[in-house]
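Trainee: I have a structure I would like to understand better, so I am pasting it below and will then ask my questions one at a time.
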Amino acid sequence: MKVLLAPTAPGWAFDHRARDLLKVKFRHLRLDLKYLRQIRPEDLKHYDLIYPMTLEGAEILHRTASIPLNRMAAGVTSIRSVAKHMTGSGKFKPEFLRFVKQLRGINTASNEIVALFAPHVDIRKTRVGIDASVFRPPKRPRSSKRPFTVGWVGRIDKPEHRKLKGYDIVLSAVKDLPVKLDIRTYKEHYVPRRKMVAFYQQLDCFVCSSASEHIPLPVLEAAACGVPIIATKVGIVPELIRHGENGLIVNRTPQAIRRRIQYLMNSPAERVKLGAKIRRTILKHWTWEHCKKDWEQFFLSIGKGERR
């Protein structure tokens, strides 16, 4: 089966996921990549399925490139991304459900999203993996002589992104603490993904302060690098982290995040334990070798014909 992956643009989460999928060795799939703006109607001649990474991408391709909905599948990437399609009583609007049901298939990495959609439309759970041979702990232990370093990744280029990702919450959490806050962002502090490994490897802990997420990918990456995680209960976090065993799940307040940062600052043995355990969790359940069958089964299950 030939599938064309269509992320929005180079250099951020959906592009990373598409490129990770390209590296996976599938038995019955051939995957290629073009960005949304590059897709043309003639691509339908060469592929059994076009997979924009999001529902929004599917709508764009249908509207601007005349790609039939029944020749596409798409991912549901967060509760937030579909909130505008829900009524005040929490139900999906009929026109949105009609749109989704015309697609060949939809998928998501999150149990939360599966539960939301399952009563209305078929949705497939496809875990997103991580290359643990690339994202891995440093060869040498982190030096205790340098400042305690807290890592954070997210978009801050627009007020709505900054609020969603909780950047100001983290700024407040670390205020006056003897720590270094090291961040990577979409624009101001951007680095290519190949340089993100070194970023994670020099952290003492990583904080995810988001209000809503699908995965989030930086949590998987930091976890694979053996970094202790402090995270809000978003996306796959409850599936990945067992609080107190291989990471810390916190309320989305500066006070809660600050307490956990201070706890890790004062507990070097706990940092080592949590880092080692989250790395083992990744190796046992979240590498692409474990997750690739979800994607192959999803694509093959919707086949080459129209969705029924």
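The values are calculated or read from the model by the stated rules, or taken from the named source; none is laboratory data. Please read all numbers here as calculations on a predicted model, not as lab measurements. Using ideal geometry, Cβ is built from the backbone for each residue, glycine included, and neighbour counts are taken over all protein chains shown. In case anyone asks, the SASA skips ligands and DNA or RNA and just uses the protein heavy atoms, side chains included. Shrake-Rupley method; radii C 1.70, N 1.55, O 1.52, S 1.80 Å.
Trainee: When only residues in region 236-250 that are within 14 Å of the chain's Cα centre (by Cα) and open to solvent by less than 10 Å² (accessible area, probe 1.4 Å) count, which is modelled with the lowest pLDDT? Spell out the reasoning first.
Mentor: Going residue by residue through region 236-250, those that are within 14 Å of the chain's Cα centre (by Cα) are 236-240.
So of that shortlist, the ones also open to solvent by less than 10 Å² (accessible area, probe 1.4 Å) come out as 236-237, 240.
On the way: 236: 93, 237: 96, 240: 96.
Across region 236-250, the extreme among qualifying residues is 236.
Trainee: In region 252-281, which residues are part of a loop (DSSP other than H, G, I, E, B) and under 20 Å from the mean Cα position of the chain (by Cα)? Outline the logic, then answer.
Mentor: Here is the first cut: in region 252-281, the residues part of a loop (DSSP other than H, G, I, E, B) are 252-253, 266-267.
Across region 252-281, the qualifying residue is only 252.
Trainee: Further question: Does residue 183 satisfy the criteria of being modelled with pLDDT under 95, hydrophobic (A, V, I, L, M, F, W, C) and either touching a strand residue (DSSP E or B) at 6+ places or on another chain (Cβ under 9 Å) or open to solvent by less than 70 Å² (accessible area, probe 1.4 Å) (or both)? Before you say what the answer is, go through the steps one by one.
Mentor: Values: modelled with pLDDT under 95: no; hydrophobic (A, V, I, L, M, F, W, C): yes; either touching a strand residue (DSSP E or B) at 6+ places or on another chain (Cβ under 9 Å) or open to solvent by less than 70 Å² (accessible area, probe 1.4 Å) (or both): yes.
Answer is no for this residue.
Trainee: Right, next: I'd like to verify a number: residues in region 13-42 that are aromatic (Phe, Trp, Tyr) and over 25 Å from residue 153 (Cα atoms), how many? So that I can check it myself, show each step before the final result.
Mentor: Keep residues of region 13-42 that are aromatic (Phe, Trp, Tyr), which gives 14, 26, 35.
Still in the list and also over 25 Å from residue 153 (Cα atoms): 26.
Looking only at that region, the number is 1.
Trainee: Given region 95-214, what helices (runs of 4 or more DSSP H) lie entirely inside it while holding 2 or more residues that are closer than 30 Å to residue 69 by Cβ?
Mentor: Details: elements: 111-117, 159-165, 167-174, 196-201.
Answer list for region 95-214: 111-117, 159-165.
Trainee: For region 56-90, give me each residue that is open to solvent by 40 Å² or more (accessible area, probe 1.4 Å), small (Gly, Ala, Ser) and part of a helix (DSSP H, G or I).
Mentor: 83
Trainee: Report yes if residue 15 is closer than 25 Å to residue 194 by Cβ, surrounded by 15 or more Cβ atoms within 10 Å (Cβ to Cβ) and acidic (Asp, Glu), otherwise no.
Mentor: Values: closer than 25 Å to residue 194 by Cβ: yes; surrounded by 15 or more Cβ atoms within 10 Å (Cβ to Cβ): yes; acidic (Asp, Glu): yes.
Here the answer is yes, as residue 15 does meet what is asked.
Trainee: Of the numbered conditions (1) open to solvent by less than 50 Å² (accessible area, probe 1.4 Å); (2) more than 25 Å from residue 255 (Cα to Cα); (3) in contact with a Gly (Cβ under 9 Å, 6 or more places away or on another chain), residue 190 satisfies every one except a single condition; which is it?
Mentor: Against the list (1) open to solvent by less than 50 Å² (accessible area, probe 1.4 Å); (2) more than 25 Å from residue 255 (Cα to Cα); (3) in contact with a Gly (Cβ under 9 Å, 6 or more places away or on another chain), residue 190 comes up short only on (1).
Trainee: Of all residues in region 208-238, which are in contact with a Ser or Thr (Cβ under 8 Å, 6 or more places away or on another chain) and of a type in the set (Asp, Glu)?
Mentor: 213
Trainee: A further question follows. Can you name every residue in region 136-155 that is closer than 25 Å to residue 76 by Cβ and either in contact with an Asp or Glu (Cβ under 7 Å, 6 or more places away or on another chain) or among the β-branched types (Val, Ile, Thr) (or both)?
Mentor: As a first pass, look at region 136-155 and keep what is closer than 25 Å to residue 76 by Cβ: 153-155.
Passing the criteria: only 153.
Trainee: Oh, and also: Just one of the numbered conditions (1) more than 24 Å from residue 293 (Cβ to Cβ); (2) exposed (fewer than 15 other Cβ atoms within 10 Å of the Cβ); (3) touching a residue at least 12 places away in the same chain (Cβ under 8 Å) is not true of residue 28; which one?
Mentor: Evaluating residue 28 over (1) more than 24 Å from residue 293 (Cβ to Cβ); (2) exposed (fewer than 15 other Cβ atoms within 10 Å of the Cβ); (3) touching a residue at least 12 places away in the same chain (Cβ under 8 Å) leaves (1) as the failure.
Trainee: Name the residue, out of 267, 301, that is exposed (fewer than 15 other Cβ atoms within 10 Å of the Cβ), out of contact with any Gly (no Cβ under 8 Å at 6 or more places or on another chain) and of a type in the set (Ser, Thr, Tyr).
Mentor: Numbers: 301 fails: out of contact with any Gly (no Cβ under 8 Å at 6 or more places or on another chain).
Step by step, each of 267, 301 is checked, and only 267 is exposed (fewer than 15 other Cβ atoms within 10 Å of the Cβ), out of contact with any Gly (no Cβ under 8 Å at 6 or more places or on another chain) and of a type in the set (Ser, Thr, Tyr).
Trainee: Separate question: Can you tell me which residue within region 114-132, out of those that are open to solvent by 70 Å² or more (accessible area, probe 1.4 Å) and charged (D, E, K, R), is farthest from residue 275 (Cα to Cα)?
Mentor: It comes out as 122.
Trainee: Looking at region 189-204, is at least one residue within 27 Å of residue 82 (Cβ to Cβ), of a type in the set (S, T, N, Q) and in contact with a Lys or Arg (Cβ under 9 Å, 6 or more places away or on another chain)?
Mentor: No: zero hits.
Trainee: Also: Condition test on residue 135, is it open to solvent by less than 40 Å² (accessible area, probe 1.4 Å), more than 22 Å from residue 222 (Cα to Cα), hydrophobic (A, V, I, L, M, F, W, C) and touching a residue at least 24 places away in the same chain (Cβ under 8 Å)?
Mentor: Details: open to solvent by less than 40 Å² (accessible area, probe 1.4 Å): yes; more than 22 Å from residue 222 (Cα to Cα): no; hydrophobic (A, V, I, L, M, F, W, C): yes; touching a residue at least 24 places away in the same chain (Cβ under 8 Å): yes.
The answer is no for residue 135.
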